[in-house]
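The next block holds one structure in the form of structure tokens; read it before the comments.
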Amino acid sequence: MNIDDFIQNNLPKKKTSVFDEHIDDINKLLELNYSQKQVIEFLKAKCKNRTGLSEQNLSFYLKKSKNKITPKVKNVDKDNSEKNILKENIEKKPIDIFANLKS
């Protein structure tokens, strides 16, 4: 058998997750601050008789970098951040350990 014949006759088998089909719903619920337990309850009601629907599996699934939800960063006021940097620079003075010995 030639490799080209094999490729034409057989499709590659991919391991897919139960959560791949519902990633949009999962992300929406998590963005609205629903717990992972509530997400699993929703998925169990939506997909009856599916195996692998557990909080632990959802946790592992979300830890994958391709499925992470990136939290929205709040706008930081540049003036306040510059003031904080200046305060940090002023407050950090070297400690003189021989100060008590000097007369």
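Numerical summary
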| read-out | value |
| --- | --- |
| Residues that are in a loop (DSSP other than H, G, I, E, B) and either more than 22 Å from Thr51 (Cβ to Cβ) or in contact with a Leu (Cβ under 6 Å, 6 or more places away or on another chain) (or both), drawn from the range 19-40 | Leu32, Asn33, Tyr34 |
| Close pairs from the range 5-32: first in contact (Cβ under 8 Å) with a residue 24 or more places away in the chain, partner surrounded by fewer than 10 Cβ atoms within 10 Å (Cβ to Cβ), Cβ under 6 Å, at least 6 apart | none |
| Residue match in the range 41-55 (condition: loosely packed, with under 12 Cβ neighbours inside 10 Å and either hydroxyl-bearing (Ser, Thr, Tyr) or touching a Pro at 6+ places or on another chain (Cβ under 8 Å) (or both)) | yes |
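Just so you know, all these numbers are worked out from the coordinates, no wet-lab data involved. Computed from a predicted model, the values in this text were never measured in an experiment. We place every Cβ from the backbone using ideal geometry, glycine too, and count neighbours over all the protein chains shown.
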